[in-house]
Amino acid sequence: MKKLELGRKITSVVMAGAMTATALAGCAGNTPTATTAAPAETTAAATEAATEAPAAEGGAVSGTFTGSAPGIHGDSNPVTVTLTLEDGKIADVKIEGPGETDGIGSKPIADFPEKMIAGNTIQVDAVSGATITSDAIVKAATAALAEAGLKPEDLDSIEIDAAVEPQEDMTIETDIVVVGMGGAGMTAAITAADAGKKVVILESQVMGGGNTVRSTGGLNAAGTEYQSKNEFTEGDGVEKTLKTAATDWADNKTITELAATVQQQWDAYQASPEGYFDSPELMALDTIIGGHGINDPELVDTLTKNSAGAITWLKEHNAELSSVGAAGGASVKRIHRPVDAEGKTLSVGAFIVPALTKNVEERDGIEVYYNTTANKIIMEDGKAVGVVAEGETGNEITVNAKAVVLATGGFGANQEMVEELKPDLKGFCSTNADGALGQGIKMAQAEDVNADVVDLDQIQIHPTVHIDEGGNAHLITEGVRGDGAILVNNEGKRFYDEVATRDKVSAAEIEQTNGTAWLILDQKMIDGSKVYKGYLDSGYGYTGETYEELAEAIGIPADAFKETMEGWAKIWADKKDEEFGRTSFSNENDLATAPYYAILVTPGIHHTMGGLKINTNSEVINKSGEVIPGLFAAGEVTGGVHGGNRLGGTAVTDIIVFGQIAGNSAVDYVG
């Protein structure tokens, strides 16, 4: 594989020749990326160790060898693999990853040893949803082999009969069946179980989490206790939104009515400016303007008025989101994020999924079936009364239930479906989980179910996706820009408001040379977030002690870049962006603390706004506009909430708010 070296880069301490597990859905193209290489002294040490490795009769190596590689938190908390070889065969594998996420990274740590021993190979397929840890294990095992003087291909791998012992068909009786174990599904299941109902969850993948576990930003909520702890400096953002509503959306009744309400709230706040200004109505206004005015107003109203409650609910379930920042399309700071003991921000998905999973596992009323793919909704007298699914060995599993909750996610990983609905997205990368194939939508569209759909052609691309040298896509959270980062093109210049809505930033980015941009951060930003530091530890970035040095490293004009950065310093200080109209500025991060960093990004398929048509009770609506009794849906499988474009941080709001509603509505229906 050819590596394109652009200059000084961030390196991860892994052995050369490490096999890379798939990160996100593979991408086509030759986008230049930062690459990963081992320091010369590391390679030399491995060579010396290999020379001294004990050899059994015939040259086969025996002994115990250890290697490590950066894990989810980078070099500061590596994954370590210890291999015991007997005559060149793997006899034992021990994997340690104390910093890996419980319930996510712990899955490959538990599963890989048996697979490596059985197949006499370290080349084990990544666990979907735990690809960073999977990748780290393979790299660490490669380093351990190098210590033994071996490469992965030197092992005589054994063909393993992957077939699991066939299971018999089975029938399960329950009150409520939830299809999908992402954030929406787990929220619905927990809510229903806490109301005393028996719940069965069917999950198509080996573990839960879905797209939720990949969410790195946060949860948008208006009027929370955490917002009130921040100084309000976003008046220009509110004014800009009200002006946009008046000038661009005067013919949209929903937007004009919301704007009138927000104007009254804003006038009252300015007359007596106490606390932090935000409201469900302002959040709704942002959401509908961002969604191109085609959102379902009632669903948005339900979303925003219950958003603060979602924060409370998560806190009650041991998933507190206490840090508030800015995100694209929001007039004010309202994206809520988790922090560690040091106050550094964490990825929201990797934080809440383990917490929700633990809540699911602790409840006796919930039973989970993994590797089980639902394919049919059972209808009886026009009512949903269960589902039929296929088990891991192809066996048929029938779940008879009094209510069905669909939480199967969107279809962003179904390239064929994406291209059919939106041909211009052919060849784009995807940040979606493997299970985001649109199964729930297809099941509900069956003739006997007759569910209606809305906005299926509304598919979002995210502007900051990093593509590694293997063609794998890695989502870079929108929070980076909200926390103060800027985007520059390959000419070293800013080209758009970085915290505008994703569709607009992506469109502007596509117009730049190579359809790419550089995301610029400084050391202060890295020090404040484990998420951002993790990007560098994973080898995504380049660094420079000065503007000129960073420009040289990434191959852009140094003079232009220096002028851009010096110009940004004045913009940040004045809180005025005359050229592009940015109104959201981090109060702390001015991009002036060396060293400086750059990550190459490009747009990628991220979210499907369209899906099943629901009402505010999360009941699925048929093509005649009637409720389908017993059928509920929540999360990305539904449409109408986000309209033509989703704001960053609102998907997590969606899954928690409507997950609770779906669970409660199913409980009420069952009685």
When restricted to 550, 536, 519, the only residue hydrophobic (A, V, I, L, M, F, W, C) and closer than 22 Å to residue 220 by Cβ is 519
Yes/no for residue 275 being assigned to a loop (DSSP other than H, G, I, E, B), in contact (Cβ under 8 Å) with a residue 12 or more places away in the chain, open to solvent by less than 20 Å² (accessible area, probe 1.4 Å) and not polar (S, T, N, Q): no
Scanning segment 158-179 residue by residue, those open to solvent by less than 70 Å² (accessible area, probe 1.4 Å) and touching a helix residue (DSSP H, G or I) at 6+ places or on another chain (Cβ under 9 Å) turn out to be 175, 176, 178, 179
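Condition check ((1) open to solvent by less than 70 Å² (accessible area, probe 1.4 Å); (2) among the polar types (S, T, N, Q)) across all residues:
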position: 226; (1), (2): yes, no
position: 229; (1), (2): no, no
position: 234; (1), (2): yes, no
position: 241; (1), (2): yes, yes
position: 245; (1), (2): yes, no
Do we have any residue at all in segment 452-459 that's closer than 22 Å to residue 473 by Cα and either open to solvent by 10 Å² or more (accessible area, probe 1.4 Å) or within 24 Å of the chain's Cα centre (by Cα) (or both)? yes
When segment 180-198 is checked residue by residue, the ones that are aliphatic (A, V, I, L, M), more than 15 Å from residue 656 (Cα to Cα) and either open to solvent by less than 10 Å² (accessible area, probe 1.4 Å) or in contact with a Gly (Cβ under 6 Å, 6 or more places away or on another chain) (or both) are 193
Please determine, by comparing only the residues of segment 278-293 that are surrounded by 22 or more Cβ atoms within 10 Å (Cβ to Cβ) and of a type in the set (D, E, K, R), which one is farthest from residue 499 (Cα to Cα). 278
Could you say whether any residue in segment 494-516 is open to solvent by 40 Å² or more (accessible area, probe 1.4 Å), in contact with a helix residue (DSSP H, G or I) (Cβ under 6 Å, 6 or more places away or on another chain) and not basic (Lys, Arg)? yes
Top-ranked residue in segment 84-101 [being buried (at least 19 other Cβ atoms within 10 Å of the Cβ) and within 22 Å of residue 341 (Cα to Cα); ranked as modelled with the highest pLDDT]: 97
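Considering 410, 309, which residue is touching a residue at least 24 places away in the same chain (Cβ under 8 Å) and assigned to a loop (DSSP other than H, G, I, E, B)?
Values: 309 fails: assigned to a loop (DSSP other than H, G, I, E, B).
One residue alone meets the criteria, 410.
Residues being among the acidic types (Asp, Glu) and at pLDDT 90 or above: count how many of those fall in segment 108-134. Spell out the reasoning first.
Restricting attention to segment 108-134, the residues satisfying the condition of being among the acidic types (Asp, Glu) are 111, 114, 125.
Those still in the list that are at pLDDT 90 or above too: 111, 114.
Final tally of qualifying residues: 2.
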Enumeration of residues in segment 579-631 that are under 25 Å from residue 291 (Cα atoms), assigned to a loop (DSSP other than H, G, I, E, B), among the small types (Gly, Ala, Ser) and in contact with a Ser or Thr (Cβ under 8 Å, 6 or more places away or on another chain): 618
Being modelled with pLDDT of 95 or more and closer than 15 Å to residue 332 by Cα narrows it down to one residue among 272, 279; which is it? 279
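Run down 346, 356 and say which single residue is under 18 Å from the mean Cα position of the chain (by Cα), open to solvent by 10 Å² or more (accessible area, probe 1.4 Å) and either at pLDDT below 95 or within 17 Å of residue 203 (Cβ to Cβ) (or both).
Values: 356 fails: open to solvent by 10 Å² or more (accessible area, probe 1.4 Å).
Within the list 346, 356, the selection yields 346.
Out of curiosity, is residue 367 modelled with pLDDT of 95 or more, under 20 Å from residue 209 (Cβ atoms) and surrounded by fewer than 21 Cβ atoms within 10 Å (Cβ to Cβ)?
When the stated conditions are applied, residue 367 passes them.
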Limited to segment 191-224, what total is found for residues that are over 16 Å from the mean Cα position of the chain (by Cα) and under 21 Å from residue 322 (Cβ atoms)? 4
When residues of segment 382-408 are filtered for being open to solvent by 40 Å² or more (accessible area, probe 1.4 Å) and among the aliphatic types (A, V, I, L, M), how many remain? 0
Might you check whether a residue that is assigned to a helix (DSSP H, G or I) and without any contact (Cβ under 8 Å) to a residue 40 or more places away in the chain occurs anywhere in segment 316-339? yes
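For residues in segment 116-134 being outside any loop (DSSP other than H, G, I, E, B) and free of Cβ contacts under 8 Å to residues at least 40 places away in the same chain, which is least open to solvent (accessible area, probe 1.4 Å)? Don't jump to the end; show me each part of the working.
Within segment 116-134, the first condition is being outside any loop (DSSP other than H, G, I, E, B), and the residues that meet it are 116-119, 131-134.
Filter once more, so that each one left must be free of Cβ contacts under 8 Å to residues at least 40 places away in the same chain: 116-117.
On the way: 116: 0, 117: 61 Å².
Among those residues, the one meeting the criterion is 116.
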Among the residues of segment 469-491, what is the count of those that are farther than 24 Å from residue 211 by Cβ, open to solvent by 10 Å² or more (accessible area, probe 1.4 Å) and in contact with a Leu (Cβ under 9 Å, 6 or more places away or on another chain)? 1
Within segment 520-530, residues closer than 23 Å to residue 214 by Cβ, surrounded by fewer than 24 Cβ atoms within 10 Å (Cβ to Cβ) and either modelled with pLDDT of 95 or more or hydrophobic (A, V, I, L, M, F, W, C) (or both) come out as 525, 526
Tell me, please, whether a residue that is at pLDDT below 95 and in contact with a strand residue (DSSP E or B) (Cβ under 9 Å, 6 or more places away or on another chain) can be found in segment 436-448. yes
Of the conditions (1) surrounded by fewer than 21 Cβ atoms within 10 Å (Cβ to Cβ); (2) within 31 Å of the chain's Cα centre (by Cα); (3) over 30 Å from residue 388 (Cβ atoms), residue 154 fails just one. Which one is it? (2)
Considering only residues that are aromatic (Phe, Trp, Tyr) and open to solvent by 20 Å² or more (accessible area, probe 1.4 Å), which ones fall in segment 579-595? 580
Could you please find all residues in segment 623-671 being surrounded by fewer than 24 Cβ atoms within 10 Å (Cβ to Cβ) and on the phi > 0 side of the Ramachandran plot? 625, 671
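Would you mention how many residues in segment 560-578 are part of a helix (DSSP H, G or I), of a type in the set (Lys, Arg) and surrounded by 14 or more Cβ atoms within 10 Å (Cβ to Cβ)?
Our first condition is that a residue be part of a helix (DSSP H, G or I); within segment 560-578, this holds for 560-574.
Now drop any that are not of a type in the set (Lys, Arg), which leaves 562, 570.
Restricting the remaining residues to those that are surrounded by 14 or more Cβ atoms within 10 Å (Cβ to Cβ) gives 562.
So the count comes out to 1.
The values are calculated or read from the model by the stated rules, or taken from the named source; none is laboratory data. Quantities reported herein were computed from a predicted structural model and do not represent experimental measurements. Positions of Cβ are backbone-derived with ideal geometry, glycine not excepted, and every protein chain shown enters the neighbour counts. All accessible areas refer to the heavy atoms of the entire protein, side chains included, with ligands and DNA or RNA removed. Shrake-Rupley method; radii C 1.70, N 1.55, O 1.52, S 1.80 Å.
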